[in-house]
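**Student:** Below you will find the structure I want to go over with you.
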Amino acid sequence: VPLVESGGGLVQAGGSLRLSCAASGRQFSSYVMGWFRQAPGKEREFVTAILRSGGTPYYADSVKGRFTISRDNAKNTVFLQMNSLKPEDTAVYYCAATLRSFGSSRSMYDYWGQGTQVTVSS
């Protein structure tokens, strides 16, 4: 399923951004959706994921309480609301989708967007 992220940009520490990921095609509601991020020189890491029907998402400890994932299955879109941003949140953020189980491992996700840059200045 093709995925296209948007909403990245430059923000000061303490600020907020909302990322969107639009999926094309049908059966969007069949996919578990996740967000990952990759900072320069680092491995791509899990941020959060949400079940097919919504429900209780799963967050990495580093973003818990600051980031919120949500999805609108009618619009084939998943969102990542990022509040209280820190310089260490600076990374390229990727949307990912899988028909397999809910999880945090990169290998579980079969479809990836091109990424959107988020830069947090101190």
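The values are calculated or read from the model by the stated rules, or taken from the named source; none is laboratory data. A quick note: this is a predicted structure, and the numbers were derived from the prediction, not measured. Here the Cβ positions follow ideal geometry from the backbone for every residue, glycine too, while neighbour counts run over all protein chains shown. Heavy atoms of the whole protein, side chains included, go into the accessibility calculation; ligands, DNA and RNA do not. Shrake-Rupley method; radii C 1.70, N 1.55, O 1.52, S 1.80 Å.
**Student:** Using protein chains only and a probe of 1.4 angstrom, how many square angstrom of F102 are accessible, to the nearest 10?
**Tutor:** Approximately 70 Å² of F102 is accessible to the 1.4 Å probe.
**Student:** Give me the percent of the accessible area of the chain that comes from carbon and sulfur atoms, probe 1.4 Å, all protein chains in place.
**Tutor:** 49
**Student:** HN-Hα J couplings of segment 23-39 from phi, Karplus 6.51/-1.76/1.60, θ = phi - 60°, integer Hz, Gly and Pro as x?
**Tutor:** Going residue by residue, I get 10, 9, x, 9, 6, 4, 5, 7, 9, 6, 10, x, 10, 10, 8, 9, 8 Hz, with x marking Gly and Pro.
**Student:** Full extension from E43 to S6: what is 0.36 nm times the residue separation minus their Cα-Cα distance, to one decimal in nm?
**Tutor:** Gain on extension, E43 to S6, equals 11.2 nm.
**Student:** Further question: In nanometres, what is the gap between the two model label sites at D61 and S121, each 7 Å from Cα along Cα-to-Cβ?
**Tutor:** According to this spin-label approximation, the distance is 3.2 nm.
**Student:** List every residue whose amide H lies under 5 Å from the amide H of R71, counting only residues 5 or more places away in sequence or on a different chain, with H placed 1.01 Å from N in the peptide plane.
**Tutor:** Counting only residues 5 or more places away or on other chains, the set is F79.
**Student:** Same structure, new question: Taking the solvent-accessible surface of protein heavy atoms with a 1.4 Å probe, what is the per residue accessible area of the chain in Å²?
**Tutor:** That works out to 50 Å² for each residue.
**Student:** Now for a different question. So between S16 and N83, what do we pick up on full extension, going 0.36 nm a residue minus the alpha carbon distance?
**Tutor:** 23.7 nm
**Student:** Scan the chain and report its longest stretch carrying no trypsin sites (Lys or Arg not before Pro) that are both in a DSSP loop and have at most 14 other Cβ atoms within 10 Å.
**Tutor:** Counting at most 14 other Cβ atoms within 10 Å as exposed, the longest clean stretch of the chain is 1-25.
**Student:** Sticking with this structure for a sec: Before anything else, pin down the relative contact order of the chain: Cα pairs under 8 Å, at least 6 apart, normalised by residue count, whole percent.
**Tutor:** Once normalised by length, the contact order is 36 percent.
**Student:** For segment 79-87, what does the Karplus curve 6.51 cos²θ - 1.76 cosθ + 1.60, with θ = phi - 60°, yield as ³J(HN,Hα) per residue in whole Hz, taken in order and with x for Gly and Pro?
**Tutor:** Taking θ as phi minus 60°, the curve returns 10, 10, 8, 10, 10, 6, 5, 10, x Hz for segment 79-87.
**Student:** Using amide H atoms built 1.01 Å from N in the peptide plane, name the residues 5+ places from G9, or on other chains, whose amide H lies under 5 Å from its own.
**Tutor:** V118, T119
**Student:** Using amide H atoms built 1.01 Å from N in the peptide plane, name the residues 5+ places from Y111, or on other chains, whose amide H lies under 5 Å from its own.
**Tutor:** Those qualifying (amide H under 5 Å, at least 5 residues apart or on another chain) are A97.
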